[in-house]
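Novice: Take this structure, written in structure tokens, and hold onto it; I'll ask about it next.
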Amino acid sequence: MTDHLWSYSTDSGHLAGTDLTGWRVEASDGHIGKVDKHSDEVDDSYLVVDTGVWIFGKEVLIPARAVTRVDLEEQTLHLALTKEQVKDSPEFVSDKHLADRQYREEIGQYYRTSWPFPGSTGGL
């Protein structure tokens, strides 16, 4: 079964192939940072968001399903997550993310229990 957590919602407005690097990222309750890296891979789409000084320079990995709206004009991504959920999310560690399936599962589990998406166990 496909884990939809790592795919953009069809109604988000995301256009595959769009370079999102540097785009503004808004949580449901305010600004959280900018996109540092991203992936558009099928079933492996995500954002790496640099939260800057807001939470002491932490980079977080956010699954594509968290994106509710892509504003092409303003180059802004809107998330279904609150600032607190982003703040509490696991820190992105590039060598672990790329090589360690267990790390990826831990990140997925955090988001599955933090906010609703088809098949999740948690909710906002």
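Novice: Looking only at residues that are over 22 Å from Trp23 (Cβ atoms) and outside any helix (DSSP H, G or I) in the stretch 111-124, which one is modelled with the highest pLDDT?
Specialist: Pro116
Novice: Any idea which residue in the stretch 1-32 is nearest to Gly52 (Cα to Cα), counting only those that are in a strand (DSSP E or B) and in contact (Cβ under 8 Å) with a residue 40 or more places away in the chain?
Specialist: In the first step, residues of the stretch 1-32 are kept if they are in a strand (DSSP E or B); the result is 24-27, 30-32.
Filter once more, keeping what is in contact (Cβ under 8 Å) with a residue 40 or more places away in the chain: 24-27, 30, 32.
Working: Arg24: 12, Val25: 12, Glu26: 13, Ala27: 14, Gly30: 14, Ile32: 8 Å.
Checking each candidate, the answer is Ile32.
Novice: Sticking with this structure for a sec: Report every pair of residues separated by at least 6 positions or lying on different chains whose Cβ atoms are under 8 Å apart, first residue within the stretch 40-59 and surrounded by fewer than 13 Cβ atoms within 10 Å (Cβ to Cβ), second modelled with pLDDT of 85 or more and of a type in the set (D, E, K, R).
Specialist: Between residues of the stretch 40-59 that are surrounded by fewer than 13 Cβ atoms within 10 Å (Cβ to Cβ) and residues that are modelled with pLDDT of 85 or more and of a type in the set (D, E, K, R), the close pairs are Gly57/Asp50.
Novice: Sticking with this one: In the stretch 1-39, what residues are on the phi > 0 side of the Ramachandran plot and either surrounded by 15 or more Cβ atoms within 10 Å (Cβ to Cβ) or polar (S, T, N, Q) (or both)?
Specialist: Gly13, Gly33
Results for (1) surrounded by 13 or more Cβ atoms within 10 Å (Cβ to Cβ); (2) farther than 17 Å from His31 by Cα; (3) more than 12 Å from the chain's Cα centre (by Cα), shown as yes or no for each residue.
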position: Ala64; (1), (2), (3): yes, yes, no
position: Val70; (1), (2), (3): yes, no, yes
position: Leu77; (1), (2), (3): yes, no, no
position: Leu81; (1), (2), (3): yes, no, no
position: Val86; (1), (2), (3): yes, no, no
position: Phe92; (1), (2), (3): yes, yes, no
position: Ala99; (1), (2), (3): no, yes, yes
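The values are calculated or read from the model by the stated rules, or taken from the named source; none is laboratory data. Keep in mind that this is a model prediction, so the values were computed, not measured. Glycine gets a Cβ as well: all are built from the backbone with ideal geometry, and neighbour counts include every protein chain shown.
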